[in-house]
């Protein structure tokens, strides 16, 4: 059961953007004047809702988040802005709030216009459906190639609730999150606090996952606080926020397009964070490493090659690799029977630790394997 | 028929590194004291033959190129160097040349040692088999996941011959070539001239192709001249060399692992070469673009998203896209019937021109589509 933070209502309807009457328009409503912050894609081609979201975040208060799936409203020019504004205007009027107080997000095909004729007539049904019990419907309404809705929740020692809802699946690569995530709390937080908290949480979670190295035009994380409860222990709140964001990030990788397993790549013993991150990302994004994990082929040479691909110096002789804590490679030779390594690689969760023995810095990222289903899903995404 | 430059002999044997008695050790012998230059991978993990090749190129003269497939001799430490040196020593003695005059190359699995017990006993057969007629056997001996041998040839107005033999298929991304290529000529060239000529040719060819964005540890291009004929027209020679290198680069992409089509990505109207190259590579390396081409899905939003992923500013409204010279996108709207675009995408050779209208600089790269077969080949490469 979803335990919803106080002050929030949810709704979802099917407008017919997605096929087969699936939910494709979702709404989160904050019953009070809420406070918000957001983090967005670094793709220079920013979708219309990203542009509008950035502007609207300058308002002091926020009342709602509206999200459609199926159409990204990216690369849609002036017409795309007009259409998004038309939706916000009608929705604001129904919700009796200002259009600027609504934060929009979209996900789906790039280059297609929002079908206003489908969306506008459904807005009153959307508003009428608002309820504290419909968070899961909202989570379903934002899915595209996702195979399951992604929800995470926490309660701090102070009894402050946090609820996170995300969608992911493909076009996932930092920076930054490359997905949509909405984190709601009934804690009271100032905008500036929310900015700092969210930035740290995103760095620890959504910026450390990758599916295919493709950065989307629509990545958005909104953080919205209804402000009903006092946050006494800020550290505890921050830890809960990070842990919730990490869980959502994990769920996104788990549902990576066509993925059969989550691979936790940890670089240890690096000289500094930049190098550790570059090494970790190079392994996590390598199609050859990802296909080897899919085939449960303990081809460790591909891991070393991915380290070298960064152009950063390291000593292959020193590198130690561990697979699910089993010693794999040391001094360039294999430490465990190949058959045992294969068995570890066949698991749904695989931990890969690469110790460089160069320094003391660690960095961890999550990735998934690359399978025929990724190809199938993306070769025919629009059809 | 292969028209071989004067002064060169070829041989190939099967040592049993590859399965089913396939050719896996190849030799090129220069009957005179030849001159050579080489260009190598930028991966910091350099394979043993790359390290030895770099050293040996300091010699004034060169007599042979020896290549094995099946084992990359990368990430093999001191033992890997010892084994490669043992091969060169025995081969040099049989060829009656100095070990330093032989240029080595390897391709195959990273992290495995050269099987000396298989290679050494076959060296006398390898040398005994030398003949001007066996260039094609040599080309077969260097193949791994390649499906066909790659040979290109040119003759200059002066009658100077050029012959290029390459292998590619996967782990193909600049910089640099990320494959093996051997270019032979009977023209007379000084080492310094060869360095300049090769560098320019590689920049125009092997540095402009990508299959999977993975840079190998073994990439090598050797350029070896027997020096029998005078090169009177240097410009003509350089043009022939570039054209030959481009043909080899094209053949490598055509044989990209699992690829069904070659995609020529050309950026036009960029502000400068760096930006043009970054835009072109971002499109060419995007799994989402590559799968869309595989599925013949004219999903142009993915192309715009790949432009934006570079983080470089551009105006999506200005972008014009052409598919096989048919207008595809202009002012963010589609110019040709979807069915016609699909038909163009179904061809084996697809040209994609993206005009940014920002400046006057163009840049072209070759890539291929991403298919289920890429996954199959690489999930089970070693088995």
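Annotations
- Considering B:35, B:76, the condition of being away from chain A (no Cβ under 14 Å) and over 20 Å from the mean Cα position of the chain (by Cα) is satisfied by B:35 alone.
- Residues of the stretch B:86-100 classified as touching a helix residue (DSSP H, G or I) at 6+ places or on another chain (Cβ under 7 Å) and free of Cβ contacts under 8 Å to residues at least 60 places away in the same chain, total: 10
- Subset tally (residues that are crowded, with 18+ Cβ neighbours inside 10 Å and part of a helix (DSSP H, G or I)) for the stretch A:52-81: 4
- Residue list for the stretch A:145-155, filter: surrounded by 22 or more Cβ atoms within 10 Å (Cβ to Cβ) and assigned to a loop (DSSP other than H, G, I, E, B): A:146
- Pick from the stretch A:159-170, criterion closer than 16 Å to residue A:184 by Cβ and part of a loop (DSSP other than H, G, I, E, B), ranking: nearest to the chain's Cα centre (by Cα): A:160
- Within the stretch B:1-57, the set of residues being without any contact (Cβ under 8 Å) to a residue 24 or more places away in the chain and outside the structural domain of residue B:113 (by TED's automatic domain parsing) comprises just one member, B:1.
- In the stretch A:63-71 there is at least one residue matching the filter, namely being without any contact (Cβ under 8 Å) to a residue 40 or more places away in the chain and more than 24 Å from residue A:146 (Cβ to Cβ).
- Residue within the stretch B:268-275 that is surrounded by 23 or more Cβ atoms within 10 Å (Cβ to Cβ) and either at pLDDT below 95 or outside any helix (DSSP H, G or I) (or both) present: yes
- Of the helices (runs of 4 or more DSSP H) contained entirely in the stretch B:276-383, those carrying at least 3 residues that are within 7 Å of chain A (Cβ to nearest Cβ) and within 28 Å of residue B:203 (Cα to Cα) fall at B:287-294, B:301-309.
- Among the residues making up the stretch B:1-51, a single one is surrounded by fewer than 24 Cβ atoms within 10 Å (Cβ to Cβ) and assigned to a helix (DSSP H, G or I): B:51.
- Highlighted here are the helices (runs of 4 or more DSSP H) found entirely within the stretch B:82-141 that include at least 3 residues which are crowded, with 17+ Cβ neighbours inside 10 Å: B:123-128, B:135-141.
- Scanning the stretch B:235-261 for residues that are surrounded by 23 or more Cβ atoms within 10 Å (Cβ to Cβ), touching a strand residue (DSSP E or B) at 6+ places or on another chain (Cβ under 8 Å) and not in a helix (DSSP H, G or I) yields B:255, B:256, B:259.
- Scanning the stretch B:214-230 for residues that are within 14 Å of another protein chain (Cβ to nearest Cβ) and modelled with pLDDT of 80 or more, we see that the one that is surrounded by the most Cβ atoms within 10 Å (Cβ to Cβ) is B:219.
- Restricting the first member to the stretch A:298-320 and to residues that are at positive phi, and the second to residues that are part of a loop (DSSP other than H, G, I, E, B), the beta-carbon pairs closer than 8 Å and six or more apart or on different chains are A:311/B:42; A:311/B:43; A:311/B:44.
- Residue match in the stretch A:352-372 (condition: out of contact with any helix residue (DSSP H, G or I) (no Cβ under 8 Å at 6 or more places or on another chain) and within 14 Å of residue A:265 (Cα to Cα)): yes
The values are calculated or read from the model by the stated rules, or taken from the named source; none is laboratory data. Predicted model, so just to flag it, every value in this text is computed and none were measured. Because the Cβ atoms are built from the backbone with ideal geometry, glycine has one as well, and the counts that use them run over all protein chains shown.
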